[in-house]
Amino acid sequence: MHHMTLAEIARGLADKKFSSEELTQVLLARIAQLDPQLNSFISLTPELALSQAKAADARRANGETGALLGAPIAHKDLFCTLGIRTSCGSKMLDNFKAPYDATVVAKLAAAGAVTLGKTNMDEFAMGSANESSYYGAVKNPWNLEHVPGGSSGGSAAAVAARLLPAATATDTGGSIRQPAAFTNLTGLKPTYGRVSRWGMIAYASSLDQGGPLARTAEDCAILLQGMAGFDPNDSTSIDEPVPDYSAGLNGSLQGLRIGVPKEYFGAGLDPRIADLIHNSIKELEKLGAVIKEISLPNMQHAIPAYYVIAPAEASSNLSRFDGVRFGHRCENPENLIDLYKRSRGEGFGAEVQRRIMVGAYALSAGYYDAYYLKAQKIRRLVKNDFMAAFNEVDIILGPTTPNPAWKLGAKNSDPVAAYLEDVYTITANLAGLPGLSMPAGFVDGLPVGVQLLAPYFQEGRLLNVAHQYQLNTDWHTRTPTGF
């Protein structure tokens, strides 16, 4: 059962080959057995899962159908879930139980999805390796000595290890796509505003976006269908019709114009990954796609711009965690200033403190124009590059990451080295574009991903291309040894 995809689970439930309750019990037992190796979960919710599974079975018995009805999933631990710990991977929120469900959680529950638990993550989604979590690092099931990527590493590791078929995740600078690449999954960051951020604890509000992590493009289409849609509670939510993503998977790629930026293949890219990306291009050419070299000239400025904007927004968003209203509070404060200092110093880890300080500096009176304002101007230039490129091509293709997953602890002493691993993913967040990573092969036994980018609200196009590619390749079917 644990090897089934979401689509296969939906068919099995519809054909009464098994019940949601039976499947849920199997997966809960598998998590209990295998997750101690991975540390992919922060909280398990077996009682909630079994009650939701029984309710889903009852709904099916009454004639109701739906691809997510009875399907087991998990939520990244920054989506608020009513009455359940929502920690954001931080000591600051270790004791916080959300008083409501995030819109994404509520929508998926209404569709009949079964919540097995909350997955581990980099603290407040700040990281590329899932090593900054208060609950310890997550291990990559392909090699337990390596990182699974971040910040959605818990969701990625759990799905890759077949502990569950799919999970929710979030992407601020590549945190869905990079762990998908590192763990041989398909991960989709939707257009900014396509999925509601209400109830999703913020890191950088103008960059954060929720999306699906699964083994196939078909499964991502199913999960995104349940997540997407306008939400009046979120002022950045876009009132745009949500298409039937599954219905568009089988369109022909004949004549599809794929742009390959020359900037993607510079000195920082592992040449073995470059070879795998070129192999992917050849596969898509066989399916009728037309390849064209393009240029994204301002890509070189994206990382410095991102690491000004994102920490600036983080310093603002995280100012609410002050030891007064909710979250961690220090013992026996001497006065209000001592309360603030010690609560925040004890509650936040090193990476979060680093980004808060960078952001506060960039927003300070003497440096706002020199750093933050200039970074926002570069953000506009990055977007303009994409708009010009999409006048010539339908999608853009390249590597998801410059290197395969590194060893645990390898970049802990050099945060900038970890930041540079986001070079191909952060541009989509700066521009608000949809992006997808899909499996493309292996280097030294570790998975490699290829990234696709599309114009606004063209998630269906990305899923179509990825699905057709996966019908003609088998990378996405590979399973890590021991799982």
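Number of residues in the stretch 131-180 that are among the β-branched types (Val, Ile, Thr) and within 27 Å of residue 10 (Cα to Cα): the value is 4.
All conditions in (1) within 14 Å of the chain's Cα centre (by Cα); (2) part of a strand (DSSP E or B) hold for residue 130, with the sole exception of (2).
Can you work out which of the residues in the stretch 242-268 that are assigned to a loop (DSSP other than H, G, I, E, B) and at pLDDT below 95 is farthest from residue 428 (Cα to Cα)?
Of the residues in the stretch 242-268, the ones assigned to a loop (DSSP other than H, G, I, E, B) are 242-245, 249-256, 266-268.
Filter once more, keeping what is at pLDDT below 95: 266-268.
Working: 266: 19, 267: 21, 268: 19 Å.
For the stretch 242-268, the residue satisfying everything is 267.
For the stretch 39-79, how many residues are of a type in the set (A, V, I, L, M, F, W, C) and more than 27 Å from residue 199 (Cα to Cα)? Reasoning before the result, please.
Residues of the stretch 39-79 that are of a type in the set (A, V, I, L, M, F, W, C), as a first pass: 41-42, 44, 48-50, 53, 55-56, 58, 61, 67-69, 71, 73-74, 78-79.
In the following step, the residues that additionally are more than 27 Å from residue 199 (Cα to Cα) were identified as 58, 61.
Here the count works out to 2.
For residue 283, work out the one condition from (1) in contact (Cβ under 8 Å) with a residue 24 or more places away in the chain; (2) over 20 Å from residue 400 (Cβ atoms); (3) surrounded by fewer than 20 Cβ atoms within 10 Å (Cβ to Cβ) it doesn't fulfil. It fails just one condition, (2).
If only residues of the stretch 176-196 that are in contact with a Gly (Cβ under 7 Å, 6 or more places away or on another chain) and either assigned to a loop (DSSP other than H, G, I, E, B) or open to solvent by 10 Å² or more (accessible area, probe 1.4 Å) (or both) are counted, the one that is farthest from residue 245 (Cα to Cα) is 176.
Kindly establish whether residue 136 is in contact (Cβ under 8 Å) with a residue 12 or more places away in the chain and either surrounded by 24 or more Cβ atoms within 10 Å (Cβ to Cβ) or in a strand (DSSP E or B) (or both). Before you say what the answer is, go through the steps one by one.
Working: in contact (Cβ under 8 Å) with a residue 12 or more places away in the chain: yes; either surrounded by 24 or more Cβ atoms within 10 Å (Cβ to Cβ) or in a strand (DSSP E or B) (or both): no.
No.
May I ask you to list the residues in the stretch 1-22 that are surrounded by 21 or more Cβ atoms within 10 Å (Cβ to Cβ) and either modelled with pLDDT under 95 or within 15 Å of residue 117 (Cα to Cα) (or both)? Of everything in the stretch 1-22, nothing turns out to be surrounded by 21 or more Cβ atoms within 10 Å (Cβ to Cβ) and either modelled with pLDDT under 95 or within 15 Å of residue 117 (Cα to Cα) (or both). The single condition among (1) open to solvent by 10 Å² or more (accessible area, probe 1.4 Å); (2) within 17 Å of the chain's Cα centre (by Cα) that residue 159 does not meet is (1). Residue 62 falls short on exactly one of the conditions (1) closer than 28 Å to residue 14 by Cα; (2) surrounded by fewer than 22 Cβ atoms within 10 Å (Cβ to Cβ); (3) in contact with a helix residue (DSSP H, G or I) (Cβ under 7 Å, 6 or more places away or on another chain), and that condition is (3).
Can you give me the ranges of the helices (runs of 4 or more DSSP H) entirely in the stretch 391-483 with at least 1 residues that are buried (at least 22 other Cβ atoms within 10 Å of the Cβ)? Show your work before the answer.
Values: elements: 415-419, 426-431, 459-471.
The helices (runs of 4 or more DSSP H) meeting that bar are 426-431, 459-471.
None of 173, 127, 117, 154 is farther than 16 Å from residue 44 by Cβ and either without any contact (Cβ under 8 Å) to a residue 12 or more places away in the chain or open to solvent by less than 10 Å² (accessible area, probe 1.4 Å) (or both) except 173.
Tell me yes or no: at least one residue of the stretch 340-350 is of a type in the set (Asp, Glu) and closer than 30 Å to residue 390 by Cβ. No - not one qualifying residue is present in the stretch 340-350. Checking each residue in the stretch 62-101 for being touching a residue at least 24 places away in the same chain (Cβ under 8 Å) and part of a strand (DSSP E or B) picks out 72, 73, 74, 75, 76, 79, 85.
If I ask for residues that are among the basic types (Lys, Arg) and either closer than 14 Å to residue 159 by Cα or in a helix (DSSP H, G or I) (or both), which ones from the stretch 1-52 would you list?
Start the filter on the stretch 1-52 by keeping residues that are among the basic types (Lys, Arg), which leaves 11, 16-17, 30.
Scanning the stretch 1-52 gives 11, 30.
Candidates in the stretch 27-59 are the residues that are hydrophobic (A, V, I, L, M, F, W, C) and more than 21 Å from residue 483 (Cβ to Cβ); of these, the one that is surrounded by the fewest Cβ atoms within 10 Å (Cβ to Cβ) is 58. Only residues that are of a type in the set (Ser, Thr, Tyr) and more than 15 Å from the chain's Cα centre (by Cα) were counted in the stretch 109-127, giving 1. Considering every residue within the stretch 104-121, establish whether at least one is under 17 Å from residue 408 (Cβ atoms), modelled with pLDDT under 95, touching a helix residue (DSSP H, G or I) at 6+ places or on another chain (Cβ under 8 Å) and outside any strand (DSSP E or B). No: zero hits.
Screening residue 200 on (1) farther than 20 Å from residue 450 by Cα; (2) open to solvent by 10 Å² or more (accessible area, probe 1.4 Å); (3) over 14 Å from the mean Cα position of the chain (by Cα); (4) not hydroxyl-bearing (Ser, Thr, Tyr) shows it passes everything except condition (3). With the condition kept exactly as written, say whether any residue in the stretch 87-103 is surrounded by 24 or more Cβ atoms within 10 Å (Cβ to Cβ), in contact with a Cys (Cβ under 7 Å, 6 or more places away or on another chain), within 17 Å of residue 314 (Cβ to Cβ) and not β-branched (Val, Ile, Thr). Scanning the stretch 87-103, I find no residue that is surrounded by 24 or more Cβ atoms within 10 Å (Cβ to Cβ), in contact with a Cys (Cβ under 7 Å, 6 or more places away or on another chain), within 17 Å of residue 314 (Cβ to Cβ) and not β-branched (Val, Ile, Thr), so the answer is no.
The values are calculated or read from the model by the stated rules, or taken from the named source; none is laboratory data. Everything numeric here is computed off the predicted structure, so don't read it as measured data. Here the Cβ is made from the backbone with ideal geometry for all residues, glycine too, and neighbour counts use every protein chain on show. Only protein heavy atoms, including side chains, enter the accessible area calculation; ligands, DNA and RNA are left aside. Shrake-Rupley method; radii C 1.70, N 1.55, O 1.52, S 1.80 Å.
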